[in-house]
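First the structure, in the form of C-alpha cells, and then the observations on it.
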Amino acid sequence: MEAGAIIADLAARARGASRVLARLPSAAKAAGLRAAAGQLRARADAILAANAADMAAATNLSPALRDRLRLDPARLEGIAAGVEAVAGLDDPVGAVIDWRTAPSGITLERVRVPIGVIGLIYESRPNVTADTAALCVMAGNAAILRGGSEARGSNAAIHAAFVAGLAAAGLPEAAVQLVPSADRALVGAMLAAAGAIDLIVPRGGKGLVARVQAEAQVPVLAHLDGVNHVFVHASAERAMAEAIAVNAKLRRPGVCGAMETLLIDRAYPHASALIAALRAGGCALRGDAGVRALDPSVAPASAADWDTEYLEPIASVALVEGVDGALAHIARHGSGHTEAIVAGDAGAAEHFLAEVDAAIVLWNASTQFADGGEFGLGAEIGIATGRLHARGPVALEGLTTYKWVGRGSGQVRA
C-alpha cells in the first residue's frame with residue numbers, strides 16, 4: 001500500500017475513534033489512562049528488552065541522543081506515572097469559556113471541544129509515545145504517532161501496552177495508532193493529509209521541525225528554535241543576576257528553554273563579575289566588542305552567533321543600551337520562545353514584559369522554567385511559538401478548540 005493510502009486508512013480509523021472520545025465523560029478517559037499506565041508497568045520487561053535492542057542498533061547516535069533513547073526501570077516508571085498524572089488533570093472538554101445573552105434573546109455559550117485527529121512526528125525519545133498519547137486521549141483527540149526509526153522497537157512496545165490498557169477500559173484502540181513503517185514518505189503523507197488530520201505537532205531537532213513547517217498542508221503547532229535571552233538591567237541585584245544567568249544557561253544546556261544569549265545593560269556595574277560567573281560554571285563565551293573590552297579572554301562573536309541555538313554550554317554576550325537596546329536586539333535575533341529580564345526597577349521590568357515578543361516572558365526568573373510542568377499544566381505536548389491557537393507550553397487546554405452553542409425559543413431573524 002502506498003504512503004498516502006496508509007495514512008488515509010489510519011486517519012479514517014482515528015476519526016471514528018475521535019468521535020467516540022469526544023462523547024466520553026472525564027472519568028471514562030481517566031480510567032483508560034490509568035489502565036494504560038498499568039499495562040506499561042505490567043509489560044515492563046518487554047518494553048525494556050525492545051529498548052535494549054534499539055540501543056544496541058543506535059551506534060551512530062550522539063551521546064545526548066543515546067541518553068534520550070535509553071530506558072531503564074526508573075525511567076519507565078516515570079513514564080507510567082506521567083500517564084497517571086494526566087488522568088488526574090482537569091478535563092477541559094465541555095468547559096464553558098464564556099456565556100452571554102444576545103439581543104435576540106438567544107443564549108450563547110463558547111464551549112471547549114476536542115480538535116479531532118492529531119498527528120505527532122517525533123524523534124529519539126520513546127517517552128513521547130506515552131506522553132502525547134495520554135494528553136491527546138484526555139483532551140478527547142485521537143492520535144497518529146510517527147516516532148523516529150532509532151526508537152522503533154521501544155515505541156512499538158510502549159504503544160502496544162498503552163492500547164491494551166485503553167481496550168481493557170472500553171476505549172477504542174484506534175484512539176492511538178502508530179505509523180507502521182519508518183519510511184520517510186509516510187511523514188510526507190501525514191503533512192499532506194489536510195482534512196484527514198487536523199493538527200500536526202513535531203517534536204525533535206531543527207531539521208525535522210523545519211521540514212514539517214515548510215511542507216505541511218495541515219496546521220502545525222511547534223517551535224523551530226529556542227534562541228532565548230536573559231537581559232540584566234542596570235538595576236539588577238548582583239547575586240540574583242549571576243544566579244539566574246548561570247542557571248538559565250548551565251542547569252540543562254540542551255533544553256529548548258536554555259539561555260543562548262546574555263544581554264547586559266551598559267549601565268550595569270557588575271558586568272565583569274557576571275561574565276566571570278558564567279565562565280566559572282564552565283560556559284564558553286562569545287562576545288561583542290564591548291564585552292571583549294571588559295574581558296579580552298572572551299572569544300569574538302560572529303554574526304551567526306546571535307541567531308544560534310547552541311544547546312551546549314556556550315553563550316553569546318552583548319552589551320546593550322537599556323531596555324530599548326535589549327528589545328531591539330531580541331527583535332532582530334529572538335525566536336519567540338522565552339525571554340527574561342533581571343531588574344530591581346519594576347518600571348523597567350514591566351516595559352520589557354509588555355513589549356518583548358515571545359511566548360513566555362519572565363521577570364527575575366531563569367528561562368529554564370519554560371516548562372509545562374513548572375507552569376502547573378501537568379504534562380506538555382510541546383512549546384508553541386506561533387501566534388495562533390496556542391502559545392507557550394501546550395497541555396490539555398491547548399489540544400482543544402471551541403464551538404459556539406446557541407439556545408433559543410423560536411427566534412427568527414428579520
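The values are calculated or read from the model by the stated rules, or taken from the named source; none is laboratory data. What you are looking at is a predicted structure, and each value in this text was computed from that prediction instead of being measured. Cβ coordinates were reconstructed from backbone atoms using ideal geometry, including for glycine residues, and neighbour counts include every protein chain displayed.
Hey, can you tell me all the residues within region 122-152 that are at pLDDT 95 or above, of a type in the set (A, V, I, L, M, F, W, C) and under 15 Å from the mean Cα position of the chain (by Cα)? Passing the criteria: ALA130, ALA133, ALA134, LEU135, CYS136. Cβ separations smaller than 7 Å between residues 6+ apart or across chains give no pair from region 305-325 residues that are under 14 Å from VAL230 (Cα atoms) to residues that are assigned to a strand (DSSP E or B) and modelled with pLDDT under 95. Which residues, taken from region 163-173, are surrounded by 21 or more Cβ atoms within 10 Å (Cβ to Cβ), part of a helix (DSSP H, G or I) and aliphatic (A, V, I, L, M)? Result: VAL163, LEU166. Can you confirm whether region 213-227 contains a residue that is in contact with a strand residue (DSSP E or B) (Cβ under 9 Å, 6 or more places away or on another chain) and part of a helix (DSSP H, G or I)? The answer is yes; a qualifying residue exists. State all residues of region 87-107 that are closer than 30 Å to ARG41 by Cβ and either modelled with pLDDT of 95 or more or surrounded by fewer than 16 Cβ atoms within 10 Å (Cβ to Cβ) (or both); if no residue qualifies, say none. Residues satisfying the conditions are ALA87, GLY88, ASP90, ASP91, PRO92, VAL93.
Checking each residue in region 174-185 for being surrounded by 18 or more Cβ atoms within 10 Å (Cβ to Cβ) and either among the small types (Gly, Ala, Ser) or in a helix (DSSP H, G or I) (or both) picks out ALA174, ALA175. Between GLY290, GLY254, GLY188, the distinction of being among the small types (Gly, Ala, Ser) and either free of Cβ contacts under 8 Å to residues at least 24 places away in the same chain or in a loop (DSSP other than H, G, I, E, B) (or both) belongs to GLY254 only.
In a residue-by-residue description of region 53-75, the property of being crowded, with 17+ Cβ neighbours inside 10 Å, at negative phi, out of contact with any Asp or Glu (no Cβ under 9 Å at 6 or more places or on another chain) and among the small types (Gly, Ala, Ser) applies to no position. Note on region 389-414: among residues that are among the charged types (D, E, K, R) and part of a loop (DSSP other than H, G, I, E, B), the one that is modelled with the lowest pLDDT is ARG391. The condition (being polar (S, T, N, Q) and touching a Phe, Trp or Tyr at 6+ places or on another chain (Cβ under 7 Å)) is satisfied by just one residue among SER335, SER316: SER316.
In the condition set (1) closer than 30 Å to ALA102 by Cα; (2) at pLDDT below 95; (3) charged (D, E, K, R), GLU312 is compliant with all but (1). Go through region 352-369 and report how many residues are more than 23 Å from ARG238 (Cβ to Cβ) and in a helix (DSSP H, G or I). Number of matching residues: 2.
Taking the conditions (1) surrounded by 15 or more Cβ atoms within 10 Å (Cβ to Cβ); (2) in a strand (DSSP E or B) in turn, GLY386 satisfies each one other than (2).
Checking the structure you have, find out if any residue of region 58-77 is within 23 Å of ALA167 (Cβ to Cβ) and not aliphatic (A, V, I, L, M). Scanning region 58-77, I find at least one residue that is within 23 Å of ALA167 (Cβ to Cβ) and not aliphatic (A, V, I, L, M), so the answer is yes.
Among the residues here, ALA160 qualifies as assigned to a helix (DSSP H, G or I) and either at pLDDT below 95 or surrounded by fewer than 24 Cβ atoms within 10 Å (Cβ to Cβ) (or both).
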